[in-house]
1. Could you grab me the full set of residues in the range 1-53 that are modelled with pLDDT under 90 and assigned to a strand (DSSP E or B)?
2. Could we say that residue 22 is more than 20 Å from residue 123 (Cα to Cα) and among the small types (Gly, Ala, Ser) here?
3. For residue 71, only one of the following conditions fails: (1) among the hydroxyl-bearing types (Ser, Thr, Tyr); (2) at pLDDT 95 or above; (3) more than 16 Å from residue 17 (Cβ to Cβ). What is its number?
4. Collect the residues in the range 65-121 that are among the basic types (Lys, Arg) and part of a loop (DSSP other than H, G, I, E, B), keeping them in residue-number order.
5. Looking for whichever is surrounded by 12 or more Cβ atoms within 10 Å (Cβ to Cβ), modelled with pLDDT of 90 or more and of a type in the set (Lys, Arg) here; the options are 125, 79. Which one fits?
Amino acid sequence: LRGEQVFPQPLQKDQQILQWNGEVFGGIPLVDEQAGDTPAVFQLLSEHGIQALNQIEGPYALCWIDGDRLYFARDPFGRRSLLYKLDHGCLSVSSIYPPDEEGWIEVLCDFIYHFHNGRLELLPRDPPLLRSPSDTLLDLL
């Protein structure tokens, strides 16, 4: 918990909604040191789009709604849990594995997930995450 106050979630402004489970250790400026990480992440995504996630240093899992589009992702090292289930065009996202339910899939760290019009698409991170200097983009796909 960073900041002097707990920030109610989800954070919403107009057509943008953020559900954030994480900590920003660096990479982006905090909007207000007392307000914590959530407003800083919201501002970053609002101003620069979903690929700005690559600037965040620290563990996280998040869901970001921008208009009629939903994005969800984990930090590049997968330090926060995030799962999804797609059933007949209906998407569920959770940070815990619901007991007695099948079909949940762990979110991969190499991608940002994009859900729009009932379709799920995996967007490569920009720049792609390389696990070691010998990896190439083709190895990751």
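The values are calculated or read from the model by the stated rules, or taken from the named source; none is laboratory data. Treat the numbers as computed from the prediction; the structure is a model and nothing was measured. Backbone-built Cβ (ideal geometry, glycine too); neighbour counts: all protein chains shown.
1. Within the range 1-53, just 26 meets the criteria.
2. Taking the combined requirement at face value, the residue satisfies it.
3. (3)
4. Scanning the range 65-121 gives 79, 80.
5. Matching residue, one of 125, 79: 79.
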